Amino acid sequence: MPSQRGITSGLARFGVWGTTLLASWMLALLVLQVLFGRQLERIQTLQLGRDLALNVRLTELTLERYPPALISELTGLELLVSQQPSRPTKETQGMAQRRQELQQVLCSRLTHCPELRPAPNRSGTPEVWIELFSPLEPVWLRTPLPMARAWPPQPMLLLLALVSAVVITGVLYLLLDVARPLRKLEDAVSRVGEDNDRDPVPEQGAPEVRRISRRFNAMVRRLAEAQRERVTMLAGIAHDLRAPLTRLQFRLSMPELNADERTRCQSDLDALERITGQFLLYAGGGEREEYVVCPLDQWLAETVAGQPSNQLQLQLSSISARIRPIALGRAVSNLVDNAFSYGTTPVVVRLRKTGSEVAIEVWDQGEGIPSSDWERALQPFQRLDSARGRQGHCGLGLAIVNHVVRTHEGKINFRQGNGDPGRFGVIINLPRDETKSTVIP
């Protein structure tokens with residue numbers, strides 16, 4: 001059973017669109033009356049002139065054989081014989097124009113051009129006297145002069161206005177209740193996964209669109225819950241690993257271990273610490289960090305400052321962009337660490353403009369990753385052992401980079417080079433958006 005709230009909302013929407021239809025009908029009727037009302041008047045005048053021309057001609061033929069009194073008695077026509085019709089005290093401009101138009105029609109259809117004079121108004125309908133051709137005495141025929149009615153309008157105009165109102169209301173309904181909510185839903189769908197704290201899509205518009213929006217919001221809530229569970233799981237794993245790492249670190253400080261065992265334990269400890277750090281970075285993601293505008297050349301120089309200066313080359317242009325500096329700094333540090341760990345020095349970090357984008361490039365002199373594995377390298381927990389796998393790596397390094405770059409609405413690409421500036425490079429392309437942000441000096 002529908003709820004009371006749903007029934008009330010439905011009745012309100014029905015009232016709104018019913019009022020819109022009625023208003024559109026009135027507006028369309030007014031426009032059509034202005035555009036085509038005069039044309040309809042002319043058509044009516046032409047039709048009236050045809051009928052009167054026929055009556056006038058028949059009456060004139062009858063007058064040739066019978067007296068006017070007999071014709072008036074037999075036909076019921078009101079004829080004025082041997083007199084000039086009296087003029088009304090007042091004739092409106094519309095009546096005068098209508099009478100003149102009717103006279104023009106009669107003149108075009110008769111062999112002579114009859115004179116038309118206004119007759120006194122007796123029944124509320126304007127009337128005119130039409131001069132008949134009579135060889136013996138002047139005869140005038142009295143006939144009504146129908147005027148174009150302002151209200152109610154002509155049935156054809158009413159029908160055309162109703163059709164126009166239905167079309168206008170339908171277009172408004174599609175634009176306001178279907179197209180606009182669907183555009184909001186489309187925008188929300190395109191941003192799924194970028195921000196888990198986005199406001200739900202308003203459940204507005206047509207009933208079908210509201211149902212889709214409601215189900216979409218439920219899906220987003222489920223995805224957000226799954227994301228929170230994933231983050232909690234990864235953070236929990238990393239947290240649980242901290243305790244045994246601390247104990248291992250403590251045991252390494254004991255004097256009972258010989259040098260070889262101490263070296264192996266230290267290597268295992270470093271591997272565990274690296275894995276734990278990768279889990280924490282992947283779980284964090286950097287989505288809650290605010291965007292700021294900062295000079296990328298200075299920021300990059302600070303980010304890679306801890307690397308060996310004799311094995312690292314910087315080729316930086318003076319560029320500013322809108323970024324999340326901590327999250328993107330972790331991504332760049334991952335790329336530089338990978339270049340030192342798996343590639344061949346020197347490592348080159350380059351910053352340059354590419355059209356409307358900024359390119360952050362990390363090059364090394366090694367063989368790199370085969371092109372067939374480039375897409376797989378960006379997936380989490382993918383260890384490319386044949387190319388770059390080593391102890392202490394869980395396959396999250398490039399996945400972290402890819403995730404951070406996507407939150408910046410950027411792209412990550414791999415490229416093989418000829419040695420200038422390197423033989424294998426990872427390129428981060430970011431849009432240059434410097435609006436609505438805090439600026440880091």
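Would you check which residues across the range 55-78 are of a type in the set (A, V, I, L, M) and open to solvent by less than 70 Å² (accessible area, probe 1.4 Å) and list them?
Val56, Leu63, Leu70, Ile71, Leu77
Can you tell me which residue is modelled with the lowest pLDDT among those in the range 1-54 that are open to solvent by less than 90 Å² (accessible area, probe 1.4 Å) and among the aromatic types (Phe, Trp, Tyr)?
Here the residue is Trp17.
Look at Thr407 and say whether it is over 29 Å from Gln266 (Cα atoms), at pLDDT below 85 and buried (at least 18 other Cβ atoms within 10 Å of the Cβ).
It is true that Thr407 is over 29 Å from Gln266 (Cα atoms), at pLDDT below 85 and buried (at least 18 other Cβ atoms within 10 Å of the Cβ).
Could you grab the pairs with beta carbons closer than 9 Å, sequence gap of 6+ or different chains, first residue in the range 347-364 and touching a residue at least 24 places away in the same chain (Cβ under 8 Å), second one of a type in the set (Asp, Glu) and open to solvent by less than 10 Å² (accessible area, probe 1.4 Å)?
Listed by first residue and then by second, the contacts come to Val347/Asp364; Val348/Glu361; Val348/Asp364; Val349/Glu361; Arg350/Glu361; Leu351/Glu361; Arg352/Glu361.
Name the residues in the range 191-208 that are assigned to a helix (DSSP H, G or I) and at pLDDT 80 or above, would you?
Once the filter is applied, which keeps residues that are assigned to a helix (DSSP H, G or I) and at pLDDT 80 or above, the range 191-208 yields nothing.
Residues Ala188, Ala161, Ala148: which one is modelled with pLDDT under 85, surrounded by 15 or more Cβ atoms within 10 Å (Cβ to Cβ) and over 30 Å from Leu46 (Cβ atoms)?
Within the list Ala188, Ala161, Ala148, the selection yields Ala188.
How many residues, within the range 109-145, are assigned to a loop (DSSP other than H, G, I, E, B) and either in contact with a Pro (Cβ under 9 Å, 6 or more places away or on another chain) or modelled with pLDDT under 80 (or both)?
13
Which residue pairs have Cβ atoms under 9 Å apart, sit 6 or more places apart or on different chains, and have a first residue in the range 96-113 that is among the small types (Gly, Ala, Ser) and a second that is in a helix (DSSP H, G or I)?
Ser108/Gly49; Ser108/Ala53
The values are calculated or read from the model by the stated rules, or taken from the named source; none is laboratory data. Everything numeric in this text was worked out from a predicted model, so none of it was measured. Ideal geometry is used to build each Cβ from the backbone, glycine not excepted, and the neighbour counts take in all protein chains shown. Keep in mind that these areas ignore ligands, DNA and RNA; they rest on the heavy atoms of the full protein, side chains included. Shrake-Rupley method; radii C 1.70, N 1.55, O 1.52, S 1.80 Å.
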